[in-house]
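Structure, as structure tokens:
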Amino acid sequence: MHAVNLSIVAPTCLDEKSLPELLEALENFTLMSPFGVQVLVMDDGGSPRIRRWLAEASGLRPWMTVLTVPAGSGLGAELRAGAAQAAYPLVAWVASPGDRLQDLWEMRRRLMDGADLVVAGRAIFGRPPQLAAAGGRSWRVVVRAWGSWLFSRTVRRLLDLPVADCTNCFRAFRKDALAELSLAQDDFTVGLEMLLKADKREWEIDEIPTVNSRLDDGAGLLGMWRMGAACVGLIVRSWLARLSGGQ
């Protein structure tokens, strides 16, 4: 039975303000799923108020477990800690309330059919995200949507990756396979590192189309520049390693 159930790792270091919305979405998904679901919410101790709120919330939700990690651990550390404590062999990483949780049904099916990693791609089939053209969207959404598409398109051509969107952190994977990757990144680039190392090891990687309605996380121009620079640095290191035959 455990082989068909799903553990979900939910970090809190990205946006504490959206935690109530995220937990509500996870609760609805858990109650309506035809299979067992374990939710692991990571607590980095950044806010005593959030820690108290999580303790109260977990007491009312038997499907939810709060795991404490050192303060300032970062996204990568939260993912690794959560996956290590997952009770089921199939694990999903939900990083935003905007992740469409119903897509986890298809992601789980792909894992059961033999995939090692399933990516929820916003720029599937190479098209620019529709969010960029949606009316009423802020300039941050437009910049990030087109930036993600252009970056993913460039990376796919440079490294021949088997996915159209390499920037979305909404992923599902086999727990035993993740341990082989030795992920080192602790910021949001851990999602890209996961994809690059999985491709290097010739994992079976699948991609499904999805829509993330929370593409705008409030990051300003400087924040987006830093995120882009970090991703470019990781890509350049990976490309140079491949040229030299290294890992």
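The values are calculated or read from the model by the stated rules, or taken from the named source; none is laboratory data. Computed from a prediction, not measured in an experiment: that's the story for all the values here. Don't worry about glycine lacking a Cβ; one is built from the backbone with ideal geometry, like all the others, and counts go over all protein chains shown.
Brief remarks on what is shown
- Residues that are in a loop (DSSP other than H, G, I, E, B) and surrounded by 16 or more Cβ atoms within 10 Å (Cβ to Cβ) within the stretch 20-53 comprise S33, D44, listed in sequence order.
- Boolean, R214 is assigned to a helix (DSSP H, G or I) and either modelled with pLDDT under 90 or closer than 29 Å to S7 by Cβ (or both): no
- Residue match in the stretch 67-81 (condition: modelled with pLDDT under 85 and farther than 24 Å from A230 by Cβ): no
- Looking only at the stretch 179-194, and only at residues there that are surrounded by fewer than 17 Cβ atoms within 10 Å (Cβ to Cβ) and part of a helix (DSSP H, G or I), the one that is modelled with the lowest pLDDT: A179
- The numbered conditions (1) under 26 Å from T12 (Cα atoms); (2) surrounded by fewer than 22 Cβ atoms within 10 Å (Cβ to Cβ); (3) at pLDDT 85 or above; (4) aliphatic (A, V, I, L, M) are all true for A164 except (1).
- Residues within the stretch 155-178 that are without any contact (Cβ under 8 Å) to a residue 40 or more places away in the chain and not in a loop (DSSP other than H, G, I, E, B), tallied: 2
- If the condition is being farther than 23 Å from S33 by Cα, among the hydrophobic types (A, V, I, L, M, F, W, C) and part of a loop (DSSP other than H, G, I, E, B), then the stretch 54-79 contributes V69, A71.
- All of (1) closer than 24 Å to E202 by Cβ; (2) in a strand (DSSP E or B); (3) aliphatic (A, V, I, L, M) hold for A115 with one exception: (2).
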